[in-house]
Amino acid sequence: MNRIVYVNGSYKPYADATVHAEDRGFQFADSVYEVIEVLGGKLVDATRHLVRLERSLNELSMPPPMSNGALLHVISRTIKLNRVRDGLAYLQVTRGEGPRDFAFPSIGKVAPTLVVIARSQSQAKIAALAETGIAVKTMPDIRWGRSDIKTVMLLPACLAKDAAKRDGAKEAWFTDAAGNITEGASSNAWIVTQAGVLVTRQLDNRILGGVTRATLADCARAEGVAVEERSFTRAEALFAREAFITSASNTVMPVTSIDGQTIGNGAPGLLTQRLRSLFHHSAEISDL
Ligand code: PMP
């Protein structure tokens, strides 16, 4: 099947889906993005993703490319044109194209660039991975001071993921100067302590406020499971009973080893598995 990508007002064949050489997203990473899960031909947590997109745009004084209603229409159409039932919708907004100048062009001088891509992803494959759990590798968090904004400035994440991959790990967990885990390269980090308490880092400028993180915290609390939002060290994580990551692409994915050390008994934890099975019941599921 021919893949179709939305670029600035047109649905284009994959090979022709290009942006300008002087697009500020390309030259300065002056750009934000979202990744939304598509499950059974429906969108998962669309509202929370659009709220976060609005926040990212606001923090960078970028005007939205269109209304949320129009954006949802473009996302839906891109998903349908690509016949995605289970997978991901990716959307990226840049400040637009213009002569290379570090300072922002005045609002209204440039039109934002909007790209939407839809891609299938096998639920069976993710489920198989969740049966065994994944390994993670820790490394220093060398990202900028505003990791709460979902920008495409992803080179530190690429470096970390690549180093993790070379070590046989699926995800990298960043550590700050104090030895605390901040988050994953493309996920939020969670542990279950020996006392059975669910812990994830508090929201601040060092981590992205994950949509999956927010929905899972709601889900856990609704189940009567306490959630502590606080910093935790690498040492505490190594000693944890369970560990997992959350992201739109994997929902809840068990972590069974950190830096080669087994977590718990080396199998996905019971609470982790329970939360994974409950997640989509707590999420907002909307028709295309
Ligand atoms: N942190 C980072 C750095 C990420 O890139 C992501 C995924 N985009 C997340 C956390 C998880 O966010 P979400 O649950 O919204 O996918």
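Can you tell me which of THR212, THR262 is buried (at least 22 other Cβ atoms within 10 Å of the Cβ) and at pLDDT 95 or above?
Details: THR262 fails: buried (at least 22 other Cβ atoms within 10 Å of the Cβ).
Of the residues listed, the single one that is buried (at least 22 other Cβ atoms within 10 Å of the Cβ) and at pLDDT 95 or above is THR212.
Going through (1) part of a loop (DSSP other than H, G, I, E, B); (2) within 18 Å of ALA283 (Cβ to Cβ); (3) in contact with a strand residue (DSSP E or B) (Cβ under 6 Å, 6 or more places away or on another chain) one by one, PRO65 falls short only on (2). Say whether the condition of being within 16 Å of the ligand (Cβ to nearest atom) and modelled with pLDDT of 95 or more is met by at least one residue in the stretch 9-16. No, the stretch 9-16 contains no residue that is within 16 Å of the ligand (Cβ to nearest atom) and modelled with pLDDT of 95 or more. For the stretch 103-145, filtered to residues that are loosely packed, with under 12 Cβ neighbours inside 10 Å and of a type in the set (Gly, Ala, Ser), the residue that is nearest to SER186 (Cα to Cα) is GLY145.
Residue-by-condition table, conditions (1) closer than 18 Å to SER247 by Cα; (2) modelled with pLDDT of 95 or more; (3) part of a helix (DSSP H, G or I):
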| residue | (1), (2), (3) |
| --- | --- |
| TYR33 | yes, yes, no |
| GLU37 | yes, yes, no |
| LEU43 | yes, yes, no |
| HIS49 | yes, yes, yes |
| SER56 | yes, yes, yes |
| LEU71 | no, yes, yes |
| ARG77 | no, yes, yes |
| VAL84 | no, yes, no |
| TYR90 | yes, yes, no |
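The set of residues from the stretch 130-147 being in a helix (DSSP H, G or I), of a type outside the set (Val, Ile, Thr) and over 18 Å from the mean Cα position of the chain (by Cα) comprises just one member, GLU131. Selection of the stretch 1-30 for residues being more than 18 Å from LEU57 (Cα to Cα) and in a strand (DSSP E or B) yields ILE4, VAL5, TYR6, VAL7, SER10, TYR11, LYS12, PRO13. For first residues located in the stretch 182-199 and more than 14 Å from LYS150 (Cβ to Cβ), partners that are among the small types (Gly, Ala, Ser) and at pLDDT below 95 and lie 6+ apart or on another chain with Cβ distances below 8 Å form the pairs VAL197/ALA226; LEU198/ALA226. Do we have ALA118 as in a strand (DSSP E or B) and within 19 Å of ILE285 (Cα to Cα) here? Here the answer is yes, as ALA118 does meet what is asked. Is it true that ASP148 is surrounded by fewer than 19 Cβ atoms within 10 Å (Cβ to Cβ), on the phi < 0 side of the Ramachandran plot and more than 10 Å from the ligand (Cβ to nearest atom)? No: the conditions fail for ASP148. Taking the criterion of being without any contact (Cβ under 8 Å) to a residue 40 or more places away in the chain and either in contact with a His (Cβ under 9 Å, 6 or more places away or on another chain) or away from the ligand (no atom under 13 Å from the Cβ) (or both), the residues of the stretch 200-249 that qualify are GLN202, ARG221, GLY224, ALA226, VAL227, GLU228, GLU229, ARG230, LEU238.
For the subset of the stretch 186-209 comprising residues that are within 13 Å of ILE263 (Cβ to Cβ) and of a type outside the set (Gly, Ala, Ser), which member is nearest to the chain's Cα centre (by Cα)?
The initial filter retains those residues of the stretch 186-209 that are within 13 Å of ILE263 (Cβ to Cβ), namely 189-194.
Next, from what is left, pick out any that are of a type outside the set (Gly, Ala, Ser): 190-194.
Values: TRP190: 14, ILE191: 18, VAL192: 21, THR193: 24, GLN194: 28 Å.
Step by step, filter the stretch 186-209, then rank; the result is TRP190.
Only residues that are touching a residue at least 40 places away in the same chain (Cβ under 8 Å) and surrounded by fewer than 15 Cβ atoms within 10 Å (Cβ to Cβ) were counted in the stretch 67-85, giving 3. If you filter the stretch 1-20 down to residues that are aliphatic (A, V, I, L, M) and touching a strand residue (DSSP E or B) at 6+ places or on another chain (Cβ under 9 Å), you find that the one that is surrounded by the fewest Cβ atoms within 10 Å (Cβ to Cβ) is VAL7.
The values are calculated or read from the model by the stated rules, or taken from the named source; none is laboratory data. From a predicted model like this one, the values you see are computed outputs, not experimental measurements. Neighbour counts run over all protein chains shown; Cβ positions are idealised from the backbone, glycine included.
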